1. Out of all DSSP beta bridges with both ends in the chain, state the antiparallel percent to the nearest 5.
2. Which loop-located trypsin sites (Lys or Arg not before Pro) does the range 238-315 contain, where loop means any DSSP state but H, G, I, E or B and the Cβ has at most 13 other Cβ atoms within 10 Å?
3. Given the options GLY329, GLY182, GLY213, which has the most mean-square fluctuation in a GNM of the chain, springs set between C-alpha atoms less than 10 angstrom apart?
4. Order of HIS327, HIS144, HIS80 from fewest to most other C-beta atoms within 10 Å?
5. If you average the sequence gap of Cα pairs under 8 Å that are 6 or more apart and divide by the length of the chain, what percent do you get for the contact order?
6. Give me the net charge of SER139's neighbourhood, meaning all other residues with Cβ under 13 Å from the Cβ of SER139; Lys, Arg count +1, Asp, Glu -1.
7. Based on the mean of other Cβ atoms within 10 Å per residue, sort peptides 280-288, 249-257 so the most packed one is first.
8. Compute the signed sum of charges (Lys and Arg +1, Asp and Glu -1) over the other residues within less than 12 Å, Cβ to Cβ, of ALA314.
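Laboratory data are not the source of any read-out in this text; all were calculated from the coordinates shown. The shown structure was predicted, so the numbers you read here are calculated from the model rather than taken from an experiment. Cβ sites come from the backbone with ideal geometry, for glycine too, and all protein chains shown count toward neighbours.
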Amino acid sequence: MSLVSRQALRIREVAERAGVSPATVSRVLNGTAVVREATREKVLAVVDELGYRPNRVAGNLRRQQVQMIGVVVSDIENPHFTQMVRAVEDTAYLKGYRVLLCNTDEDPAKQREYLGVLIAERVAGAIISPTEPDAPEVSELIDHGAAVVAFDRAVADRRADAVLAANSDAARMATEHLVGAGHKKVGFVGGLAGIETAAGRQSGYEKAMSAAGLVPMAAQGGFRAEGGRLATLELLGRGASGLVVANNLMAVGALVAVREAGLRAPADVSVVAIDDPPWAELTDPPLTTFAQPVRAMAAAAAGLLLGRLEGRRARPKRQVFAFELRHRGSCCRPAVPSRRGGAVRSNGSRNRKE
């Protein structure tokens, strides 16, 4: 049964219970004409009683208006998600869809509220980077006929498609990059506890350290710049000569912390970040990163969503993208401990504040 047919049946059910015509119910729900207040209240009371959410997608189909796609991201200030939203919007617009953007700030309550809005708006589909992967609203969205693609982080409902990155591999390779340059004390600036990307990246770091016979040193930065700064200062205080930073916002804080400590990269401490922000080449020295192909991932997510909406595919699909090393100037000269407990540069000169 089509969306329009299901919508018509629900409208007739509301009309029968309210004792009015289906046309009157439509006018109340759409606000397209003046209806007496008493009638409007009677209709809305029945709508509440039935738990009926007006299907705006079906209404759009009847009126030949554009359909909406929801995009739910965890932090719109993160360049990673800014690039993703732009790429999705470009693709969706060309196909006649418009994007409704929701920013959750890594807050499960805010995510639930926004997903409720998407359900009420009856979006055609949604691309979601979840803070709470097992939120019941994700399943409810799918139950209401929306196509759902998880981006960057999977959701619990296996009916959703997923576009993910090989996070554990990226952190492992970043750590191996520093260990291979001779660093023995490699610190890890981690993300937010309970988040899939954070757990995957820390796992990759720990695997590489274990394989090298080295002791892991991790501090949590919460995926934010200030958290990255504080975590980096902690790790530098513990003698870290190399740093793996688990996202681009924390990399900002890490570079600030290195400067605050009176150190220079890579002479005193080497820095490798996961994610490749637009400013990575503008720092002094330019930042070495493991880059996630964000635009390619976003295009894949939009393609999976449109494939569902256009009826070209029914089974869920999972795509995993690899990271790419972009070696720049922020690594990888190891700092060698001096007999006095300070750090000595690889050319033999001691650390000094500059």
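1. Values: 6 of 43 bridges.
Around 15 percent antiparallel, to the nearest 5.
2. Values: sites: ARG238, ARG259, ARG264, ARG295, ARG308, ARG312, ARG313; in loops: ARG238, ARG264, ARG312, ARG313.
Counting only loop positions with at most 13 other Cβ atoms within 10 Å, the trypsin sites (Lys or Arg not before Pro) in the range 238-315 are ARG238, ARG312.
3. Highest fluctuation among the options: GLY213.
4. Details: HIS327 13, HIS144 17, HIS80 23.
With the sparsest Cβ surroundings first, the list reads HIS327, HIS144, HIS80.
5. It comes to 14 percent, rounded to a whole number.
6. Values: positive: ARG112, ARG158, ARG159; negative: GLU132, ASP134, GLU137, GLU140, ASP143, ASP157.
Surrounding charge for SER139 is -3.
7. Numbers: 280-288: 17.1, 249-257: 25.0.
Packing proxy ranking, top to bottom: 249-257, 280-288.
8. Numbers: positive: ARG159, ARG308, ARG312, ARG313, ARG315, LYS317; negative: ASP161, GLU310.
Here the count lands on +4.
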